[in-house]
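Here's the structure, in structure tokens; my notes come after.
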Amino acid sequence: MIRLVTRGDDAGSSKSANRAIHAAAKKGILRNASVLAPGPSVNHAAKVLGGLVKSGEICVGLHATATCEWEWPVWGPVLGADDVPSLVDERGLFHRTLEKLSEGDAPAGKVRADILAEVAAQLDRLRSLGLPVKYIDEHMGLGRIEGVGDGLARIAKREGLVFRPGLDHLPQPPAEGGEFEEDDNASRLIAALGCAAPGTYLVAGHPAFDDDEMARCHGAGKAEGEVGPARDAERLMFMREDVVAWCRDNDIRLLRYDEL
């Protein structure tokens with residue numbers, strides 16, 4: 001049997017992402033939502049996802065972050081720039097990449113301590129919004145910073161949360177055979193499931209709608225107008241009818257993190 005942990009990342013980054021994650025859970029195969037506590041739309045995320053959490057249709061996790069890759073939308077630390085000065089740029093916002101974060105003058109130990117203090121505050125923020133956080137995962141590979149992965153594991157253990165950064169991803173389907181198109185995430189997922197051996201796999205994506213809000217999103221090498229179509233394709237990966245039917249007909253078990 002294939003057991004599939006389906007996760008939608010970046011809830012809280014935009015209202016478009018929040019609505020898409022809700023739709024993909026309600027009508028599709030999405031079972032986990034990773035929320036950016038410092039995100040500009042985190043209050044909206046709590047409202048939109050709250051009903052699904054209460055009904056058990058979705059499991060909520062903390063998408064622990066100390067970076068912000070976009071020029072819009074942007075976010076900074078929950079604790080405030082003065083409390084974690086090693087994590088912010090001249091605007092008081094998170095650096096765009098881990099590399100930029102590591103280039104600062106602060107000692108590595110200070111950066112690590114600030115990150116873990118900020119993550120604890122992010123967890124508190126989500127809980128204060130009424131979200132029963134069940135797991136922690138990493139935004140933009142946060143655990144690659146020395147000592148941070150171990151620190152996240154300690155926070156998870158202390159707080160009774162799941163932390164499973166080593167989950168396998170589905171194998172890439174063979175390129176030959178014409179089973180999927182390059183930008184068609186949904187058909188690519190079906191092809192990958194079709195060639196996967198029995199086991200437990202993670203499928204993570206960044207669902208959003210190709211709408212006016214996402215048309216403004218830019219940065220991380222993407223111009224305005226480029227992000228929406230790509231994020232919409234990730235939404236469809238979790239809820240298009242052929243994906244839903246394939247998972248149903250092939251006895252794919254969809255898992256929440258709290259079921260691992």
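Couple of notes before you dig in:
- Residues of the range 89-131 that turn out to be among the basic types (Lys, Arg) and in contact with a helix residue (DSSP H, G or I) (Cβ under 8 Å, 6 or more places away or on another chain), as a count: 3
- Looking across the range 71-104 at every residue that is buried (at least 17 other Cβ atoms within 10 Å of the Cβ) and in contact with a His (Cβ under 9 Å, 6 or more places away or on another chain), the one that is nearest to Lys222 (Cα to Cα) is identified as Leu101.
- Residues being free of Cβ contacts under 8 Å to residues at least 24 places away in the same chain and on the phi > 0 side of the Ramachandran plot - total across the range 217-244: 2
- Here Arg7 does not fit the description of being surrounded by fewer than 18 Cβ atoms within 10 Å (Cβ to Cβ) and not in a loop (DSSP other than H, G, I, E, B).
- The listed residue being in contact (Cβ under 8 Å) with a residue 60 or more places away in the chain and either farther than 20 Å from Val203 by Cα or not small (Gly, Ala, Ser) (or both), out of Val78, Val35: Val35
- Pro173 passes every criterion in (1) surrounded by fewer than 19 Cβ atoms within 10 Å (Cβ to Cβ); (2) at pLDDT below 95 apart from (1).
- Tabulated pairs, the range 131-156, first at positive phi, second outside any helix (DSSP H, G or I), C-beta under 6 angstrom, 6+ apart or interchain: Met140/Thr67
- Which listed residue is surrounded by 24 or more Cβ atoms within 10 Å (Cβ to Cβ) and over 19 Å from Asp258 (Cβ atoms), from Asn18, Asn43: Asn18
- When the range 81-96 is filtered for residues that are more than 24 Å from Glu213 (Cβ to Cβ), in contact (Cβ under 8 Å) with a residue 24 or more places away in the chain and part of a loop (DSSP other than H, G, I, E, B), the ones remaining, listed by number, are Asp83, Val84.
- Considering the range 43-59, the residues that are touching a Gly at 6+ places or on another chain (Cβ under 9 Å) and among the β-branched types (Val, Ile, Thr) include one that is nearest to Gly219 (Cα to Cα), namely Ile58.
Residues checked against (1) within 15 Å of Leu123 (Cα to Cα); (2) among the aromatic types (Phe, Trp, Tyr); (3) touching an Asp or Glu at 6+ places or on another chain (Cβ under 9 Å):
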{"residue": "Leu4", "(1), (2), (3)": "no, no, no"}
{"residue": "Arg7", "(1), (2), (3)": "no, no, yes"}
{"residue": "Lys26", "(1), (2), (3)": "no, no, yes"}
{"residue": "Arg31", "(1), (2), (3)": "no, no, yes"}
{"residue": "Ala66", "(1), (2), (3)": "yes, no, yes"}
{"residue": "Trp75", "(1), (2), (3)": "no, yes, no"}
{"residue": "Leu87", "(1), (2), (3)": "no, no, yes"}
{"residue": "Glu90", "(1), (2), (3)": "no, no, no"}
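- Residue that is farthest from Pro77 (Cα to Cα), among those in the range 99-112 that are in a helix (DSSP H, G or I) and in contact with a Ser or Thr (Cβ under 6 Å, 6 or more places away or on another chain): Lys110
- Conditions (1) part of a loop (DSSP other than H, G, I, E, B); (2) touching a Leu at 6+ places or on another chain (Cβ under 9 Å); (3) surrounded by fewer than 24 Cβ atoms within 10 Å (Cβ to Cβ); (4) not polar (S, T, N, Q): number failed by Lys26: (1)
- Taking the range 117-130 as the range and being in contact with a strand residue (DSSP E or B) (Cβ under 7 Å, 6 or more places away or on another chain) and either among the β-branched types (Val, Ile, Thr) or free of Cβ contacts under 8 Å to residues at least 12 places away in the same chain (or both) as the test, only Val119 passes.
The values are calculated or read from the model by the stated rules, or taken from the named source; none is laboratory data. On a predicted model such as this, the values are computed, not experimentally measured, just so you know. Counting neighbours? That spans all protein chains shown, and the Cβs are built from the backbone with ideal geometry, glycine included.
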